[in-house]
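Shown next, in structure tokens, is the structure this report addresses.
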Amino acid sequence: MLYKIIFFVSKTIGYFLVPPGFIVLLLIITLLLLFLKKLRAAKILLIFTLFLTYLLSIEPVKDMLLSPLENRFNFPQSLNCNYIVVLGGGQIYHSKAFSNKPAPSCSTLKRLVVALKVYKSIKKPIIVSGGLLRQNAYPEAYTMKNFLVRLGVGGNMIIEDNKSKNTFENALFVKRIVKHSKICLITSAYHMPRSMLIFKSFGIKAQPVPADYKIYHTPYGYYSFVPHIGYFRDSSIAIKEYIGIAYFYLIERFFKKV
């Protein structure tokens, strides 16, 4: 019960630390300042909010935020593991393209494609890790397994972790399956640094296999500096990862002292 409360509180706070929640919070504060007749402070905060929103919505800033995350690990030249572990990255709960059944999100789909590539190379069991975040829906691992089976992977070669709701629980439940075996860890490139930190903290020997890169690696043009919702989303994703890494080190330091 205590863990569920901590999970709920941390998730809720997290939404307001990362855009767009953080932007909404700044606008609420601006409105409060206006009601309190603090016009100068309200103007300064509004200008700051607009400038911040613009910066997060252009390609160079998005790339600057993502680069340290995506460049931390390279795609391996050779693979050496006993299990292939794929972390879930979301799902579409009732996809019309799948007869109103669940389908992998874009991020999850890209991770599964890499998992299929690795599987064809080394023919090791695949662990799909992702639980249920909404009631009356299928766990993410179920959706991931079904998609891999459609791509030709035998169902007997896929193991479901359908309990985990975050990266910490991904590592916790995967550890119970793999014990001391080495894994090939597949997740989005921006998510890999935090995932490796958490999996290593559980004593799991993991070879990083990044997927789902967000940086285009092409020259910037005029439209790179025009605000775009995709750039804003990717900037938000990067900020979330930095907060997650900071949170990991904070919790790790706390438990070392206890």
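The values are calculated or read from the model by the stated rules, or taken from the named source; none is laboratory data. All figures in this text were calculated on a predicted structure; none of them were measured in a lab. Cβ atoms come from the backbone with ideal geometry, glycine included; neighbour counts cover every protein chain shown.
Structure above, values below:
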| quantity | calculated |
| --- | --- |
| Unmet requirement for Tyr138, which otherwise passes all of (1) more than 28 Å from Pro20 (Cα to Cα); (2) without any contact (Cβ under 8 Å) to a residue 60 or more places away in the chain; (3) part of a loop (DSSP other than H, G, I, E, B) | (1) |
| So Tyr242, is it surrounded by fewer than 20 Cβ atoms within 10 Å (Cβ to Cβ), over 22 Å from the mean Cα position of the chain (by Cα) and modelled with pLDDT of 95 or more | no |
| Sole exception among (1) under 19 Å from Leu79 (Cβ atoms); (2) free of Cβ contacts under 8 Å to residues at least 60 places away in the same chain for Met144, by number | (1) |
| Residue in region 109-118 that is free of Cβ contacts under 8 Å to residues at least 12 places away in the same chain and more than 30 Å from Ala206 (Cα to Cα) present | no |
| Of the criteria (1) part of a helix (DSSP H, G or I); (2) touching a strand residue (DSSP E or B) at 6+ places or on another chain (Cβ under 7 Å); (3) modelled with pLDDT of 95 or more; (4) not hydroxyl-bearing (Ser, Thr, Tyr), which one Phe51 fails | (2) |
| Selection count where residues are of a type in the set (Val, Ile, Thr) and surrounded by 19 or more Cβ atoms within 10 Å (Cβ to Cβ), scope region 136-150 | 1 |
| Candidate set: region 16-67, residues that are over 22 Å from Pro227 (Cα atoms) and in contact (Cβ under 8 Å) with a residue 12 or more places away in the chain; chosen: the one surrounded by the fewest Cβ atoms within 10 Å (Cβ to Cβ) | Ile29 |
| When residues of region 54-77 are limited to those that are among the polar types (S, T, N, Q), outside any helix (DSSP H, G or I) and more than 24 Å from Ala171 (Cβ to Cβ), the one modelled with the highest pLDDT | Ser57 |
| Residue that is surrounded by the fewest Cβ atoms within 10 Å (Cβ to Cβ), among those in region 101-122 that are in contact with a Phe, Trp or Tyr (Cβ under 9 Å, 6 or more places away or on another chain) and not in a helix (DSSP H, G or I) | Lys101 |
